[in-house]
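Contents: one structure, followed by commentary.
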Amino acid sequence: MLETEICILGAGPGGATAALHLANAGRPCLLLDRATFPRDKVCGDALSGKVLSELRRIDAVLPARLEAAPVQLPSWGIDFYAPNGRKLAVPFKPNYNATTDHAAGHISKRIDFDNFLIWEVRRRPEIEFREGVDISQHEQQPDGRWLLKDTSGTPVALTRLLLVANGAQSSFARQIGGHALEPAHHCAGLRAYYRGVRNLHPDNFIELHFIKDFLPGYLWVFPLPNGEANVGVGMLTEAVSKKKVNLREKLTDMLATHPALKDRFANAERLGPVRGFGLPLGSKRRKLSGPNFLLLGDAASLIDPFSGEGISHAMVSGRHAADWAGRALATKDFSTPFLTGYDKAVYNRLGQELRLSRVMQRLLNYPWLFNFIANRAANNPTIAETLSMMFLDLDMRERLRKPSFYLKLLVGK
Ligand SMILES: Cc1cc2nc3c(=O)[nH]c(=O)nc-3n(C[C@H](O)[C@H](O)[C@H](O)COP(=O)(O)OP(=O)(O)OC[C@H]3O[C@@H](n4cnc5c(N)ncnc54)[C@H](O)[C@@H]3O)c2cc1C
């Protein structure tokens, strides 16, 4: 059994980021994952600009290294399809130049992106990385340390501080962290890979389709390297059960019949099965720490409730978790009141965005409002540019909360 000061459970973007920041600070840690990397993870595979800035914080060379990797595609914007079928093209940067600018977004299969981070992990002597270790029991000792056991009941590690980054199905987060699955704050998602989808955007815009009969859910088509595409659907779990939606049937049906999709998918080939996974949304503020532990990423329910973005949020929490782990070791204080500083740091960074996205998520219940914005923006470049700026500037996004934004749209200014 390994005895350690810091153990990280889960080596996805949250856990790997925490381990790398700890290594940067010269702090050793044990990193455990039940998978063997490279491993797949059900996801839309879209990397926002925030992922690049988190990579930069780990090591200034990482963004360029990712951009140079053939396993990613740069993406320059989003094509929104409103419920009335109208397409609204929103570049991440207004007037971008795809040959000279750096793209704000990227798309990379998780089997590749997560392995990109693990490749960094493997280079750091401070990180003891153990794969293929499935932790199923966590027992707190009288001295506060956590004893971790695998599925056979064999003790694997005894740690002073546990960083829990084992994803959306974390039993630690449910049983000890108190994060019950709440259908109003949880999304169901399905993903499939395709080859041969026609008319993908030449600058790799990601596509979000808000289809009338499928609201408040949405369908995405994200271009990938080698002419492939990530195609999927997401819907609030509460709405899935209320409306008794069969997501798999709906996905097949929409790809075969929807006017904006059917011709483009007519000759497309699905690669592998349609796979499902849950998204614990950050639409509700929760407790992220407790005695001798911190929750990170999906285990901390930090996914953006509008966009489904969770990779960068996991990385943000990983960075703050490494910081607070260092503080706890320095002061020898692993108590709940002390570690609450971690909760504050994470919500200081992400809280405002999560609240705004909650507001935008609710807009999905008003298809007419969506149609209206799409119609107006299609005829008015200033409005389209305002929407574009919203991806870069949070203050601009604040405008969506203000009635004056809609009033201006109404009068066409
Ligand atoms: C359908 C879908 C689409 C999505 N699309 C996007 C998108 O396009 N962009 C985006 O930014 N986000 C997206 N997300 C969210 C994103 O996938 C997650 O937010 C992100 O993976 C969270 O990272 P994490 O490190 O917290 O957890 P994970 O990436 O889930 O990593 C957890 C790790 O813990 C390990 N683990 C689990 N249990 C154990 C155990 N018992 N013992 C040891 N190890 C264990 C796992 O093997 C895994 O490697 C999507 C999610 C879904 C479901």
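Every number here is computed from the coordinates shown, using simple stated rules; none is lab data. Bear in mind that the values here come from a model prediction, so they are computed numbers and not experimental data. Heads up, the Cβs are rebuilt from the backbone with ideal geometry, glycines too, and the neighbour counts pull from every protein chain shown.
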Helix 336-363 vs. the chain, principal-axis angle (Cα, 0 to 90°, nearest 10) = 10
What FRET efficiency would be calculated for the residue pair THR336, ARG275, taking the C-beta separation as r and a Förster radius of 25 Å, to the nearest 0.05?
-> 0.10
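Roughly how compact is the chain, stated as its Cα Rg over 2.2 N^0.38 Å to two decimals?
So the Cα radius of gyration is 0.99 times the expected 2.2 N^0.38 Å.
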For THR36 and ALA266, compute 0.36 nm times the residue count separating them, minus their Cα-Cα distance, and round to one decimal in nm.
-> 79.2 nm
Give me the number: length gained by fully extending ASN365 to SER53, i.e. 0.36 nm times residue separation minus the C-alpha to C-alpha distance, one decimal in nm.
-> 109.1 nm
With everything on Cα atoms, drop me the angle between helix 110-123 and the longest principal axis of the chain, reported from 0 to 90° to the nearest 10.
-> 30
Over the stretch 1-71, what lengths in whole Å, largest first, do the semi-axes of the equivalent ellipsoid take, defined as the square roots of 5 times the eigenvalues of the alpha-carbon gyration tensor?
-> 24, 17, 10
Computed Kirkwood radius, in angstrom, where 1/r is averaged over Cα pairs of the stretch 1-121 = 16.3
Cα-centre dipole for the chain with unit charges at Cβ (Lys and Arg positive, Asp and Glu negative), debye to 20 | 1140
Taking the Cβ of GLU309 as the centre, find all other residues whose Cβ is under 13 Å away and add up their charges (Lys, Arg: +1; Asp, Glu: -1).
-> -4
Quick one: if you stick a label point 7 Å off each Cα along the C-beta vector at THR257 and GLU128, how many nm between them?
-> 5.8
Label model pair ALA180, SER136: point-to-point distance (7 angstrom along the Cα→beta-carbon line) in nm is 2.5
Modelled label reach - ALA60, point 7 Å along Cα→Cβ, the stretch 76-115 residues with backbone N closer than 19 Å | 102
Summed side-chain charge close to LYS109 - residues other than LYS109 whose Cβ falls under 10 Å, Lys, Arg +1, Asp, Glu -1 | -3
Between LYS284 and ASN95, what is the label-to-label distance in nm when each label sits 7 Å out along the Cα-to-Cβ direction?
-> 4.6
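If you put +1 on each Lys and Arg Cβ and -1 on each Asp and Glu Cβ, how big is the dipole of the stretch 138-186 around its Cα centre, in Debye rounded to 20?
Using only the charged Cβ atoms, the result is roughly 80 debye.
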Within a Cβ distance under 12 Å of GLY272, other residues only, what is the Lys/Arg minus Asp/Glu net charge?
-> +2
Ranked from highest to lowest mean number of other Cβ atoms within 10 Å per residue, what is the order of the peptides 95-105, 365-375, 285-295?
-> 285-295, 365-375, 95-105
May I ask you to derive the relative contact order of the chain, considering only C-alpha pairs under 8 Å and at least 6 residues apart, and to give it as an integer percent?
-> 21
